[in-house]
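Here's the structure we're looking at; comments come further down.
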Amino acid sequence: MKILLLLLSASVIAWTFTSCKSASGPKVFCDTICFKDSLKFVDEAHELKPYVYISGTDCNADSITWSYSGFGSNRKMGIKDLVGVQVKLNPAAVSCYIKDTSYAWVTFNDCANGRGYLLKFPFNKRDPLDRKSSALNSFDPKFAVEKGLIAYSDRGNLFVEDMATGKQAMMTFGQRLEIDYDAIHEHIDSINVTSTSIWAKIKIGDEWKPLSKTIELK
């Protein structure tokens with residue numbers, strides 16, 4: 001099990017999150033910089049060097065390519081085709097977990113509005129891609145998610161999954177909420193997720209309510 005480190009230049013490593021706000025949009029925590037250089041995630045420890053590349057065009061993240069040595073070809077998809085919209089990426093809010101030559105999870109937030117995304121790329125051509133546009137990623141300073149886990153919502157529940165094993169758990173909100181994931185903090189103020197517990201501050205009706213649950217990943 002390996003969480004791969006993003007290969008960045010010294011100047012990019014020095015970047016920190018800055019608070020910004022558009023004239024009409026919600027507060028976000030990463031700059032909408034010009035995305036120029038490809039991001040490369042490679043499992044150098046594996047003999048087949050599985051990799052994921054994110055490339056950019058005209059200052060926007062454009063496509064994702066994934067494969068490994070000996071596979072015979074690259075698999076590639078446009079980011080807009082994957083998530084349905086053009087997103088603004090900052091390398092400081094992008095990560096990748098590669099599970100040998102089985103699959104890769106790419107985690108990122110859109111720096112235009114703070115929305116979180118999770119994309120699971122199988123390396124074989126049999127399994128479907130998994131796409132989640134309601135991720136609660138730890139790039140957001142109000143969302144604490146234990147390393148190795150991912151968190152996301154379906155408007156009625158909060159789900160937790162171990163990226164390495166696929167084991168899951170969930171906590172219900174008790175009702176369906178009309179969450180706008182482009183303005184997530186109007187509905188979910190904060191979360192704290194570990195492999196044994198979920199805590200969240202959720203707006204239900206006009207009231208902010210803390211919810212918590214002890215969990216077991218299965």
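Please treat every number below as a calculation from the coordinates, not as lab data. Computed from a prediction, not measured in an experiment: that's the story for all the values here.
For Lys209 and Lys142, the difference between the fully extended length at 0.36 nm per residue and the C-alpha to C-alpha distance is 22.6 nm. From the Kirkwood radius over Cα pairs of the range 48-106, Stokes-Einstein at 25 °C and 0.890 mPa s returns a whole-number translational diffusion coefficient of 199 µm²/s.
Semi-axes of the equivalent ellipsoid of the range 25-134 are 25, 14, 12 Å, computed as sqrt(5λ) over the eigenvalues of the C-alpha gyration tensor in descending order.
Shape descriptor for the range 92-151: Rg over Rh equals 0.99 (Cα atoms; Rh from the Kirkwood inverse mean 1/r). Rounded to the nearest 500, the helix-only mean residue ellipticity at 222 nm of the chain stands at -500 deg cm²/dmol, with each DSSP H run of n ≥ 4 adding -39,500 (n - 2.57). Every pair of different Cα atoms in the range 100-213 enters the Kirkwood calculation, which places the hydrodynamic radius at 14.6 Å.
With contacts taken as Cα pairs under 8 Å at a separation of at least 6 residues, the range 127-200 carries a relative contact order of 27 percent. For the range 23-72, the Stokes-Einstein estimate of translational diffusion at 10 °C and a viscosity of 1.306 mPa s comes to 121 µm²/s, using the Kirkwood hydrodynamic radius over alpha-carbon pairs.
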